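Accompanying notes for the structure given below.
The values are calculated or read from the model by the stated rules, or taken from the named source; none is laboratory data. Note that the structure is a prediction, hence the values are computed from the model and not measured. Note: ideal-geometry Cβ built from the backbone for every residue, glycine included; neighbour counts use all protein chains shown.
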Amino acid sequence: MGHTFLCVLQFFLLNTIFSSGYAQDAVLTVEPNWSSFFAGQSVTLICDMKEGKDTDWKYRWNKDGREFVQYNSHKRFTLQPLSTSYSGRYHCFGFHSSSNGIKKSNIVSLTVSDKPKAKLTTTIIPVGGSVTLSCSVNPSSGWKYYWYRGDQSSELLIRHDDVFKSNGQISVSQEGQYWCRGGRGQSVYYSQYSQSVRINTLGEFDKKI
């Protein structure tokens, strides 16, 4: 009985592979390991056959069920610079040069949005005569924040210029026009600048678009 069950199971698995035409055990991953990106960034697709040497395989890339890169010897493929048209469902195929076997990967979905704009908000703190500025970018994960006083071409505020309360917040008491923007990734990708806030006198500010 057990032997019969195993035979039936093997037949079912083989039939699944042959009916689809591919063994679906290749693995597709992305670097950086995100699913959401912004226009102007880059992402690398990596197709791993999990068998033999990388040089034994030829790789093909599909987007939304259609081929967009023909078979070649590169298991890594970089999309750059990204635009919203790159949003979609990706998978890869591997063709083994010796056995003529073909593997198909899992599907990875990528979403590419327009370049985000940082948002700058203010909170007046009467005691001590300072104003807290908060910077944020939506979605919020992975961002570091950069502050400027003057215009957008001004040098970055450094940590001894003002009180950096946390990532995304500083406390300022000096008059001037302030901006911020977010950046993320090793090769830093910047958001658009925020609207400006001008600190005029103690406890007074004007916000500009």
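If only residues of the range 132-172 that are assigned to a strand (DSSP E or B) and modelled with pLDDT under 85 are counted, the one that is nearest to residue 192 (Cα to Cα) is 156.
Based on this model, can you work out whether residue 35 counts as under 26 Å from residue 188 (Cβ atoms) and surrounded by fewer than 17 Cβ atoms within 10 Å (Cβ to Cβ)? When the stated conditions are applied, residue 35 passes them.
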